[in-house]
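A.B. asks: Questions regarding the structure given below will be posed in turn.
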Amino acid sequence: MKVLLINELYISGGAEMQTMRERDILKGFGDEALVITLDPDYEDGWCDESHYNISRRDSRLRRELQMYFADRDITGRLRRIIEDFSPDHIHLGNVKAHALSVFRAVRGYHCVRTIRDYGAVCPLSLCVCSDLSVCSGYEGKKKCGRKCIGREKGVKKKIVDLWKRKCFLRRDKVQRRTVSKYICPSQLLTDYCIRYGMDTVCINNPFDFSLLEDVDKKTPEGKKIFLYYGQIIGFKGVGQLMEAFAEFSAHRPDTELHMAGMLPDKYKEEFEELLRKYGSGRIKYLGRLGYKEMINKLREVHTVVIPSVWMENYPNTALEAMAAKCLVLASERGGMREMTGSGEFIFNVLDKKSIISRLEYAYEMEKPEYERITGEGFLRVRENNSFGNYYRQLVSCLEGTDKKEV
């Protein structure tokens, strides 16, 4: 079997990691796999024998236009590589910025797409309304417009939101003519997509357990370290977590909150103010750690906290934490309840008391109970998220895919 994987970025976050992981899984089971990326931050051409990058450093205006119109040059280059490789199946990942170009290039092939965020059912990609309540997804032009599109103050923001909706509608229309089947890592987003007429199957992300072979995880004793890692932005709930942790840790000198991840320039000032207001020496920003550094960091962590305001799909942070035998606390939004396996570890991110309650629950847990719960989580991901389990489900999905007409 020959499978072509297309994902816009090469190295960025979980979607990019899973694309490369899938390539390795396919090759490990004896299939041919080729990855194509369209990342302007890397050189144009072959990165290795199974990865080709198309690098284009376009102007901002041209990038915006590519959200609505296919780019003839990109489509042509993609098509030539596709025809030369002649895949049995094409698997698309995140292709938002160049979606129209990609869809045109892959037309006529057996094509599936993995949906990794709520951008499939929400023009703003958040599925969160202006009042931060959870949205049920795109349900028609008028209703979606009334809920949040164009409701923000400021003419510029309204224009941007309306343009995003217009691009979403265009992208969704072309995608439905191109993609035969969809994959979602979480059941919740799978249900969203099915509700909007997308033929979708849930296949949980795989995890490379060999990454943890050198990690000697021990039950944390003494100082209890809570960890947030991921992008440092408002919709990840970092502000809500920091405020709650400051109150929780006020009379618990043996606790610290460590935070690691990329801090965008636009959020830097706000985050630094949060550190000044709530830090008190108990909240430490570690910067952006490399993947191996992050995995090794988990060995000393008592609890990983995922406080997202937006709808999470199936975050690698939870998967990695459970594989490293850490306790996981998470916002109730998105697919986190599926991953933790119990509502005891879920909180309302907009309710400070709810967050504090779960932090206290983790803190007061006795060693035998901690080892039992983290051990169960470890065994669950070992069985459910193995390469073999993922491969079997992926092949079943690919082989059941019909070719779209050109």
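The values are calculated or read from the model by the stated rules, or taken from the named source; none is laboratory data. This one's a predicted model, so the numbers in the text were calculated from it and none came from an experiment. Glycine also receives a Cβ, built like all others from the backbone with ideal geometry; neighbour counts cover every protein chain displayed.
A.B. asks: Hey, among the residues in region 176-199 that are of a type in the set (S, T, N, Q) and more than 20 Å from the chain's Cα centre (by Cα), which one's farthest from Met336 (Cα to Cα)?
C.D. replies: Thr178
A.B. asks: To continue, here is another question. With the structure loaded, tell me whether Arg372 is of a type in the set (D, E, K, R), more than 29 Å from Ala105 (Cβ to Cβ) and surrounded by 17 or more Cβ atoms within 10 Å (Cβ to Cβ) or whether it fails that test.
C.D. replies: In short, no.
A.B. asks: Within region 216-234, is there a residue that is modelled with pLDDT of 90 or more, part of a helix (DSSP H, G or I) and outside the structural domain of Glu16 (by TED's automatic domain parsing)?
C.D. replies: Scanning region 216-234 turns up at least one residue that is modelled with pLDDT of 90 or more, part of a helix (DSSP H, G or I) and outside the structural domain of Glu16 (by TED's automatic domain parsing).
A.B. asks: Can you name every one of the helices (runs of 4 or more DSSP H) wholly within region 290-402 that holds 3 or more residues which are hydroxyl-bearing (Ser, Thr, Tyr)?
C.D. replies: Filter on region 290-402 gives 352-363, 387-399.
A.B. asks: Now a separate question. Suppose we filter region 299-317 for residues that are under 19 Å from the mean Cα position of the chain (by Cα), at pLDDT below 95 and closer than 17 Å to Lys224 by Cα; how many remain?
C.D. replies: Of the residues in region 299-317, 0 are under 19 Å from the mean Cα position of the chain (by Cα), at pLDDT below 95 and closer than 17 Å to Lys224 by Cα.
A.B. asks: Looking at (1) in a helix (DSSP H, G or I); (2) at pLDDT 95 or above, which one does Arg171 not meet, given that it meets all the others?
C.D. replies: It is condition (2) that Arg171 fails.
A.B. asks: Only one of Glu8, Glu43, Glu22 is assigned to a loop (DSSP other than H, G, I, E, B), closer than 21 Å to Ile183 by Cβ and not aromatic (Phe, Trp, Tyr); which?
C.D. replies: Glu8
A.B. asks: Within region 66-110, can you find the residues that are farther than 16 Å from Leu38 by Cα, touching an Asp or Glu at 6+ places or on another chain (Cβ under 9 Å) and part of a helix (DSSP H, G or I)?
C.D. replies: Phe85
A.B. asks: Here is a further query. Among the residues of region 249-265, write down those that are of a type in the set (S, T, N, Q) and touching a Leu at 6+ places or on another chain (Cβ under 8 Å).
C.D. replies: Ser249 - this is the single residue of region 249-265 that is of a type in the set (S, T, N, Q) and touching a Leu at 6+ places or on another chain (Cβ under 8 Å).
A.B. asks: So, one more: Can you tell me which of (1) buried (at least 18 other Cβ atoms within 10 Å of the Cβ); (2) more than 22 Å from Thr19 (Cβ to Cβ); (3) at pLDDT 85 or above is the one Ile159 doesn't meet?
C.D. replies: Single failed check for Ile159: (1).
A.B. asks: Considering region 16-74 alone, what residues qualify as being of a type in the set (Asp, Glu) and loosely packed, with under 13 Cβ neighbours inside 10 Å?
C.D. replies: If the condition is that a residue be of a type in the set (Asp, Glu) and loosely packed, with under 13 Cβ neighbours inside 10 Å, then Asp41, Glu43, Asp48, Glu49, Asp73 are the ones that fit.
A.B. asks: Does Ile90 fit the bill of being surrounded by 15 or more Cβ atoms within 10 Å (Cβ to Cβ) and either within 28 Å of Leu162 (Cβ to Cβ) or touching a helix residue (DSSP H, G or I) at 6+ places or on another chain (Cβ under 7 Å) (or both)?
C.D. replies: When the stated conditions are applied, Ile90 passes them.
A.B. asks: Scan region 345-360 and report the pairs whose first residue is in the same structural domain as Ile225 (by TED's automatic domain parsing) and of a type in the set (Ser, Thr, Tyr) and whose second residue is surrounded by fewer than 16 Cβ atoms within 10 Å (Cβ to Cβ) and outside any helix (DSSP H, G or I), with Cβ atoms within less than 6 Å and a gap of 6+ or a chain change.
C.D. replies: Listed pairs, sorted by first residue: Ser354/Asn348.
A.B. asks: For region 235-257, indicate whether the set of residues that are within 27 Å of Ala120 (Cα to Cα), in a loop (DSSP other than H, G, I, E, B) and in the same structural domain as Ala362 (by TED's automatic domain parsing) is non-empty.
C.D. replies: yes
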